[in-house]
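See below for the structure under consideration.
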Amino acid sequence: MTPARFVATMGGAGLMRPAPGTWGSAVVLPLALLGPEVCLVLAAVLAAAGWWAAHQVLEEASDPGWFVADEGAGMLLTLAALASVTWVGVVAAFLLFRLLDILKPWPVSWADRQPGPTGVMLDDILAGAIAAVALLACQAAFPGALS
């Protein structure tokens, strides 16, 4: 496996069936234990590495199911919004991110239509950012709700 394909599949998570995007999101969940700052840094690193990998392995604007670096980066961005790591918070973050990634509300749908690696990566980054903002708002409005 080439380095670009390793990054694109997040070490093979994208090759798991069914629902490789869900597996790509799930594989980063334990990283929540490292805290929000580390998740934020890892999201940025994986976004940059995923964008590089997309340039190496994808043709045109295609986004095959096995390419899951975008899901990993978006999920890490979502996890960075958790004030404390609890199973309720991690499950809420996971479900919210996957819902936004699958339903693709605007602007996620707009980003999904962008050509090339930018479009492949940007839709999940935006889904992660929207999920993060929603989690932050929930924690501010209802302290302890995700505990």
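The values are calculated or read from the model by the stated rules, or taken from the named source; none is laboratory data. Remember, predicted model here, so these are calculated numbers, not experimental data. Neighbour counts run over all protein chains shown; Cβ positions are idealised from the backbone, glycine included.
For VAL120, indicate whether it is closer than 27 Å to ARG5 by Cβ, without any contact (Cβ under 8 Å) to a residue 24 or more places away in the chain and not acidic (Asp, Glu). Considered against the rule, which asks whether it is closer than 27 Å to ARG5 by Cβ, without any contact (Cβ under 8 Å) to a residue 24 or more places away in the chain and not acidic (Asp, Glu), VAL120 comes out as no. At least 1 residues being more than 20 Å from ALA131 (Cβ to Cβ), of a type in the set (Val, Ile, Thr) and at pLDDT below 95 is the threshold, and among the helices (runs of 4 or more DSSP H) wholly inside segment 1-89 those reaching it are 36-57. Residues in segment 23-52 that are surrounded by fewer than 18 Cβ atoms within 10 Å (Cβ to Cβ), in contact (Cβ under 8 Å) with a residue 24 or more places away in the chain and over 14 Å from LEU79 (Cα atoms): TRP52 alone.
Here THR78 meets the list (1) farther than 27 Å from ALA141 by Cβ; (2) touching a helix residue (DSSP H, G or I) at 6+ places or on another chain (Cβ under 8 Å) almost entirely, failing just condition (1). Counting only residues that are on the phi < 0 side of the Ramachandran plot and in contact (Cβ under 8 Å) with a residue 40 or more places away in the chain, segment 7-22 holds 9 of them.
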